[in-house]
Every structure is written in C-alpha cells, then in structure tokens.
Amino acid sequence: MLLEIARFFASFAKYNPERDRYEIHGVVGPDEYHSGYPDSVVPGINNNAYTNLTAVWTLCRALELLQMLPTDRREQICSRIELTNDEISLWDSTSRKMFIPMREDGIIYQFDGYEKLDDFPWKKNGALDIDRVHDLLNSQGGHLNQYKVSKQPDVLMLYYLFSVDELAELFKRLGYQFDAENIAKNVEYYIKQTVSDSTLSRVATVWVLSRMDRFHAWSMLGCMCRPESCTCGRPTQETDGPDSWKIFMESLGSDLLDIQGGTTAEGVHIGAMASTIDIIQRCYTGLVTKGDVLWFNPRLPKAIIRLSFNLLYRHQVLRFEITQCTAKVIAMHSTAEAIKIGFNERVYWIEAGHSKLFDLE
C-alpha cells in the first residue's frame, strides 16, 4: 500500500522546467475553505505546502522500505505491482525537487498564490467575528477562496505531524534553507488566520503550541526558557504557549459544552475525544519513536501536577509517572526483552521489572 501511494504522488506531480521543480496542482488542502482560486473556473489550488511535503515524506519512506526489504521479497513485490527501476528513480528525483512555496523570511505559503489573497476583516468589537465567517461561507457556497483565512490548521499541520528534526531532514533533501526559529514565525502568522471551525482544529493547535514550547522556538512570542538556564534575553512568557491550556480545555469540552453550537445533538466527536487523550499521553510527554528508541521529553503545563499512564511498547508494558520535577519509567515484570529509552540526548536500557528516574529540572 505504501508503494502504491508513493506511485500515486509521483504520477500526480508534474515537472516544471522553469522552476526545475515538481509541482502538484488541483488539490484542496486540510484547510477546506479554499477549493480554488478567486474567479477561476478550474477547481483546486496548486502546490499546497502540506500536500507537497507529505508527498515527499511518503516517497522517502517508500524508498527506505525498498532498501530495508530482503532482496527476494523486494523483487517479488516489484514484480507483483510492476514497479520498475525507472519509476523508482522518478520517486527519488521527485522527493528531492518538490516545490514548496516560501517567502524569503521563512514563511511557508499555504499554497502557490496565497500571498495574493485579501486579508480577512477579522475583528468586530475587539473579538473574532465567527458569525461573519459563516455568513460569507453561506453566501459563497462554503468556500472563502478570496481571503487569507483557514477553517483549521493547514501549514500548521506540518508542525503537528513532524518533529523539528523530521522537517529539517525534509527541507534539506529538497535543498531549501530550514531554520527552526522560523517555525515560530509561521505559527504566529497562521494562528491569527485560523478560525478553528472544527473540533480537531484545536487539537492540532494545542499540539503545535506545546511543541514550540518544548523546543524554545517562541522568539516572536516571548521567552519560553527555564528561568535558571535562560540566556536568550527575550521577555518572559508565563504561559505554555499562547493560550495552549485554554485551547486544550476547549477541545476537551467540545461536546460537553457544545462549542460549535448544535452539532453535539447530531453525534459526538470521537476523533476529538481520542485526540485530547493523545495530547496528554504523547504531546505533553514528548513521546516519539526514532529507530529502535522510545524518546520522551516531558513538559507538563502548570495546571497538571502529576500524570501517570501505562503504554504497551514492543511487548513491554511501561508505566510513566511524571511530575513537574521528575519522570519515572517503570518496565513491568514480563518476559519481554529490554528496551531503549531516550531522554535528554542519552539512551538508556531498561529491562523488565526495572525502572529509571529522570530529573526534569
């Protein structure tokens, strides 16, 4: 399935000799408000940054898979789906020359031509005018093609799905300059233009804000460093990112509070419910798998005093007990093999029946 999806992206991308880049045209990104260009009869937008980068990621994983497979299994699969060396070569080329619309200062454009759209008249009596958004949607067939406004995270989804290291690898492969400090610029730029007209929008936004907090990338939004180690000289930012906990609580109460005004009666939002649990278990703990190591980097919001949960990893049941100051990983008694836990750039072996205590201060 992965190989066929990679095949689709490579066939959908077209080479543009003027840019010496591959492009993907005629799509609708995660945003959903933009179905085409203003006054255009041709559906879809071109070079949605999220679509193009996820296409590159998919092609890279497919190429990686082909290298990992035993020779006989690889030949068997390639023969079955008629995958040729020329096609594999195209995948490699496309994954290195995909076009990403970007501004010189590091702002990633949501899609090609996004910068030419009109600014949305956001404010009404000092507050977000969501009613105006809905009025315009109703009058224009459910789309706002002429405005810089998003239903839910689009470019920001890149920071939800990929770590800073993963994004750096993708941009390096494409030959684009990548600066982690520019992530904060993009977050500030697009959060202001996002309506969150979806329960899942808040989930992605909380994750992005928490991740930025963790990597101290809030150069434009205030210092997020720990006081005892701060050397950046920026003003202190007292919260866990701009209103991240407030947004999380809104997401947590999506159905209980019926924040969308009437949708709960039609059915609860299971995806949003599960995602709030995911924020607690993976986002605030910084859990991520890389190779054969389970890395974690806890940074709990001040509102959470203690967090504990179990996780099944490689047949081993792990218990995490995290406070504002310490994190303890306990490997329950079992016959599972020892596993690798990564913390603060170091890797530790933990055997079944043993535990490891980490100092977070």
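The values are calculated or read from the model by the stated rules, or taken from the named source; none is laboratory data. All of these numbers come straight from a predicted model, not from anything done at the bench. All Cβ positions, even for glycine, are placed from backbone atoms using ideal geometry, and neighbour counts span all protein chains on display. The area values use the complete protein model at the heavy-atom level, side chains included, leaving out ligands, DNA and RNA. Shrake-Rupley method; radii C 1.70, N 1.55, O 1.52, S 1.80 Å.
Tabulated data for the structure shown
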{"quantity": "For the stretch 252-361: relative contact order, % (alpha-carbon pairs under 8 angstrom, 6 or more apart)", "calculated": "18"}
{"quantity": "Accessible heavy-atom area order of Arg211, Arg132, highest first, probe of 1.4 Å", "calculated": "Arg132, Arg211"}
{"quantity": "Whether the chain is rounded, prolate or oblate, judged on the alpha carbon gyration tensor where a/c under 1.5 counts as rounded", "calculated": "oblate"}
{"quantity": "Separation of the Asp359 and Arg80 label points, Cα + 7 Å toward Cβ, nm", "calculated": "5.3"}
{"quantity": "Heavy-atom accessible area ranking, 1.4 Å probe, most first, across Arg19, Arg61, Arg346", "calculated": "Arg346, Arg19, Arg61"}
{"quantity": "Over the stretch 1-98, relative contact order from alpha-carbon pairs under 8 Å, at least 6 apart, %", "calculated": "31"}
{"quantity": "Beta bridge orientation in the stretch 19-154: antiparallel %, DSSP, nearest 5", "calculated": "60"}
{"quantity": "Selected from Glu115, Glu64, Glu250 as most flexible by GNM, with the chain as the system and alpha-carbon contacts under 10 Å", "calculated": "Glu64"}
{"quantity": "Too-long pairs where the Cα-Cα distance tops 19 Å, listed order kept, from Lys14/Lys116; Lys192/Lys302; Lys192/Lys246; Lys246/Lys302; Lys14/Lys97; Lys148/Lys185", "calculated": "Lys14/Lys116; Lys192/Lys302"}
{"quantity": "Rounded, prolate or oblate (a/c below 1.5 giving rounded, otherwise prolate when a/b exceeds b/c) for the stretch 45-158 by Cα gyration tensor", "calculated": "prolate"}
{"quantity": "Exposure ranking of Ile305, Ile322 by accessible area [1.4 Å probe, largest first]", "calculated": "Ile305, Ile322"}
{"quantity": "Overall form of the stretch 123-208 per C-alpha gyration tensor (a/c, 1.5; a/b vs b/c)", "calculated": "prolate"}
{"quantity": "MRE, 222 nm, helices only [DSSP H, n ≥ 4, -39500 (n - 2.57), over the chain, to nearest 500]", "calculated": "-10500 deg cm²/dmol"}
{"quantity": "Theoretical FRET efficiency, 1/(1+(r/R0)^6), r = Cβ-Cβ of Glu32 and Tyr176, R0 25 Å, to 0.05", "calculated": "0.45"}
{"quantity": "Fully extended contour minus Cα-Cα distance, from Val347 to Asn138, at 0.36 nm per residue", "calculated": "69.8 nm"}
{"quantity": "Furthest towards positive pole of dipole, Ala338, Gln67, Ser210, structure part the chain, Cβ charges", "calculated": "Ala338"}
{"quantity": "Computed magnitude of the charge dipole of the chain (debye, nearest 20; Cβ of K, R +1, Cβ of D, E -1)", "calculated": "760"}
{"quantity": "Ranked packing of 280-287, 101-108, most packed first, by mean Cβ within 10 Å", "calculated": "280-287, 101-108"}
{"quantity": "Val288 versus Glu169: modelled label distance in nm, points set 7 Å from Cα along the beta carbon direction", "calculated": "1.0"}
{"quantity": "Burial order of peptide ranges 84-95, 28-39 (average beta-carbon count within 10 Å, highest first)", "calculated": "28-39, 84-95"}
{"quantity": "Label point distance in nm, Ala338-Leu257, each placed 7 Å from Cα along Cα→Cβ", "calculated": "4.8"}
{"quantity": "Contour excess over end-to-end distance, with Cα ends at Asn145 and Val268 and 0.36 nm allotted per residue", "calculated": "41.3 nm"}
